[in-house]
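Engineer: This is the structure I want to talk about, given as structure tokens.
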Amino acid sequence: MGAPEPPRRSWNRTTVTAVTAAAAVVVACGVTGFLLLGDDGDGKADAKPTATDSASADTTDRSAAKGGSAPLVPGWNTVANPKRGITFDAPASWARQSVDWVSYVAEDSDPEEKPLVAMMAPAVLKEKWCTSDDDRNGTQEDTPLASVGTTGEKGAKSTAEAAEDTAQKWVYGAYTQPDRSRLTIGEPETYRTKTGIEGSLVTVTSSGTPKKGTCDTDGKAVTFAFKNAEGAYVSWTYVGAHGVSDEVPDATIRQILGTVRLYEEGDGQD
């Protein structure tokens, strides 16, 4: 008889844990978040997080009036990852985190919380979409509906490989672990954004994942991988609850994706 499966964490459990060199970070579900101090914008092993209570909003004015680029969709907000050279827009209802905020997923059984995959400067929809105290420790844990963000793709050999690997890791890490059999992996497709960036798009979903906690659902990730202005592989990812009544429609995901563009000085939160 095999060992019992570790409990799956809620999407937005807020607690403090230790990662790399005993540095404190805020844990948000299978998704962990921290403000980045080191050089790596992807939450990989050389990142050096700092203790914080929440992701503070970036107040730097990079709006069109200050020399930045206006959102491609009227009424939306611009989100930027200057380190990876990526900009995109998100609806006003999505809460933008700091440009130095990194969210990642790790194996539940890994005491060192080594990231499986990460995204920088995410925008989050309905941060308190579901709230529960499944472990009955007296602390309510918030689960968001969805997030969008960007990352570097170190070691990738192609955009198709990068997109498939990243999308799989998000759904596995945030929704199905330790079970990989629930994943449905779509074929890579060629995609071009409104500004002419071309790359590979992969969608991964899960189905029939056992519900271990109040806020547990199946998941969905859509990853678009491409090369930035420096020729490095990078990606944009949507990750969110799948099969729920208020799941983010594919049309909205594609509309956000269509705004992905190369970063220019002045882009960012206004």
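Engineer: Within the group Ala229, Ala221, which residue is surrounded by fewer than 21 Cβ atoms within 10 Å (Cβ to Cβ) and either touching a residue at least 40 places away in the same chain (Cβ under 8 Å) or within 26 Å of Ala80 (Cα to Cα) (or both)?
Structural biologist: After ruling out the rest, the residue left standing is Ala229.
Engineer: Suppose the filter is assigned to a loop (DSSP other than H, G, I, E, B), at pLDDT below 90 and either buried (at least 23 other Cβ atoms within 10 Å of the Cβ) or touching a Phe, Trp or Tyr at 6+ places or on another chain (Cβ under 8 Å) (or both); does Ala70 pass it?
Structural biologist: No, not satisfied.
Engineer: Using the structure shown, decide if Glu264 is within 21 Å of Pro122 (Cα to Cα), open to solvent by 30 Å² or more (accessible area, probe 1.4 Å) and touching a residue at least 60 places away in the same chain (Cβ under 8 Å).
Structural biologist: So Glu264 passes the test.
Engineer: Exactly one of these conditions fails for Ala251: (1) open to solvent by 40 Å² or more (accessible area, probe 1.4 Å); (2) in contact with a Phe, Trp or Tyr (Cβ under 6 Å, 6 or more places away or on another chain); (3) among the aliphatic types (A, V, I, L, M). Give me its number.
Structural biologist: Among (1) open to solvent by 40 Å² or more (accessible area, probe 1.4 Å); (2) in contact with a Phe, Trp or Tyr (Cβ under 6 Å, 6 or more places away or on another chain); (3) among the aliphatic types (A, V, I, L, M), Ala251 violates only (2).
Engineer: If Gln168 satisfies every condition in (1) outside any loop (DSSP other than H, G, I, E, B); (2) open to solvent by 60 Å² or more (accessible area, probe 1.4 Å); (3) free of Cβ contacts under 8 Å to residues at least 60 places away in the same chain but one, which is the exception?
Structural biologist: (2)
Engineer: Report whether or not Val105 is at pLDDT 95 or above, of a type outside the set (Phe, Trp, Tyr) and not in a loop (DSSP other than H, G, I, E, B).
Structural biologist: The answer is no for Val105.
Engineer: Out of all the residues in the stretch 90-136, which are surrounded by fewer than 19 Cβ atoms within 10 Å (Cβ to Cβ), of a type in the set (Gly, Ala, Ser) and within 20 Å of Gln255 (Cα to Cα)?
Structural biologist: Correct list: Ala92, Ser93, Ala95.
The values are calculated or read from the model by the stated rules, or taken from the named source; none is laboratory data. This structure is a prediction, so every number in the text was calculated from the model and none was measured. Cβ: placed from backbone, ideal geometry, glycine included. Neighbour counts: every protein chain shown. When the accessible area is computed, the model is the full protein with side chains, heavy atoms only, and any ligands, DNA or RNA have been set aside. Shrake-Rupley method; radii C 1.70, N 1.55, O 1.52, S 1.80 Å.
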